[in-house]
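Written below as structure tokens is the structure these notes are about.
The values are calculated or read from the model by the stated rules, or taken from the named source; none is laboratory data. All figures in this text were calculated on a predicted structure; none of them were measured in a lab. Glycine gets a Cβ as well: all are built from the backbone with ideal geometry, and neighbour counts include every protein chain shown. Please note that ligands, DNA and RNA were not included when accessible areas were found on the heavy atoms of the full protein model with its side chains. Shrake-Rupley method; radii C 1.70, N 1.55, O 1.52, S 1.80 Å.
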Amino acid sequence: MSYAINSPAPSAGQPAPQPRRRRAKWHFVYFLLAAFVVLTVSLSLFLNRQLVETHKRSIQVNLMWVSWLKQCDALSRQAGDVHVQGGDVLTSHNVPLESGEMDAALSVFNQTLSALRSELRRSVSPTNATVLLNDCSSIHDLTDELAARIEFVFSLIRNGQLDQTQSQVTPMNRDYDNVLRALDNLRSHLRDQRQAYLEGQLAEANAFQRYEWWLGLLIVVMVIGIAVYGVRLDRHISRSESEARETQERYQLLVEQSADGILLVDDDWNIQFTNQAACQMFGYTREEIVHRNGEDTYPP
């Protein structure tokens, strides 16, 4: 007896209900790990972005502090240019020349001080800027006192009171020293605020470093999770392949050992598979009968 079956046999890899539940569970774990990877990468990018921004901001602010300190040095030199005219006029007695040079030096000094004051007001927080702006005001007032002292010396020379000019040398030097001390106070306050800013940047970097430890822990957990998932998935696939292979072997053993001829055909009755009993029944080899049409195989 022979049988022709045109409904496909159950596939060896077709999952049973329980494996479907396991596969759904493993798919859930896969998506969970994928979400974990996205979270970890996003946190890494965010942390790196914050570190880069902090570093860039620190460099920009440090460049501003350096520029302000250089302006203080320039103010010291320019104050010296103002002061030197008071000494020169005692030697040259050329009031128009020394007065013109002092006015030019004083103008340059005031322009530099005004530019520094504007930058401090624009770039420094109001709380910190108050001390620095007060220093600038003090420097301006003391420089005006120095210039007024030198103008007084000019007036004595104009009036021919040369014997009284020597008594103004000490007060004039004292006024100049007051300007330099005020500039030193400004430098000191600038350095103090710069130090406070750098300490704040260091504290911020330490805070980010703590986040790095947590991020490293997340990466370790992610790697362990992926490794465990890979091992479990490999075991699951190996077990599924083993079960499928055993099922196929039992199926082939059952079909090949059957005394009945069995043909597996498609919808057009083209033979896709045959067992040995069918080959003997119809007198064909397996290679000859496969892909023949079943209707041609059966004798009238």
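Seen against the Cα atoms of the chain and their longest principal axis, helix 169-256 is set at about 0 degrees.
Can you give me the % of accessible surface on the range 69-179 that is carbon or sulfur? Probe 1.4 Å, all protein chains present, nothing else counted. The value for the range 69-179 is 49 percent carbon and sulfur by accessible area.
Subtracting the Cα-Cα distance of Leu202 and Met281 from 0.36 nm times their residue separation leaves 19.4 nm of extension gain. Positive-end ranking of Thr297, Gly225, Val169 along the dipole of the range 147-300, with charges on Cβ about the Cα centre, is headed by Val169. Amide hydrogen proximity for Asn270: with H placed 1.01 Å from N in the peptide plane, the residues at 5 or more positions away or on another chain lying under 5 Å are Gly294. Considering only DSSP beta bridges where both residues belong to the chain, give the percentage that are antiparallel (nearest 5). Expressed as a percentage, antiparallel bridges in the chain total about 50.
If you wrap the tightest convex hull around every Cα atom of the range 76-137 and split its volume per residue, you get 69 Å³. Spacing of the modelled spin labels on Asn185 and Ile226, each 7 Å from Cα toward Cβ, amounts to 6.2 nm.
Across all Cα pairs in the range 167-285, the calculated P(r) in 10 Å bins from zero up to the longest distance comes to 10, 13, 11, 10, 9, 8, 7, 7, 6, 6, 5, 4, 3, 1, 0 percent per bin.
Protein heavy-atom accessible surface, 1.4 Å probe, per residue over the chain: 62 Å². Normalised by the number of residues in the range 175-300, the average gap of Cα pairs under 8 Å and 6 or more apart makes the relative contact order 12 percent.
Distance between the modelled labels on Asn173 and Gln272, one decimal in nanometres: 11.4 nm (7 Å Cα→Cβ projection).
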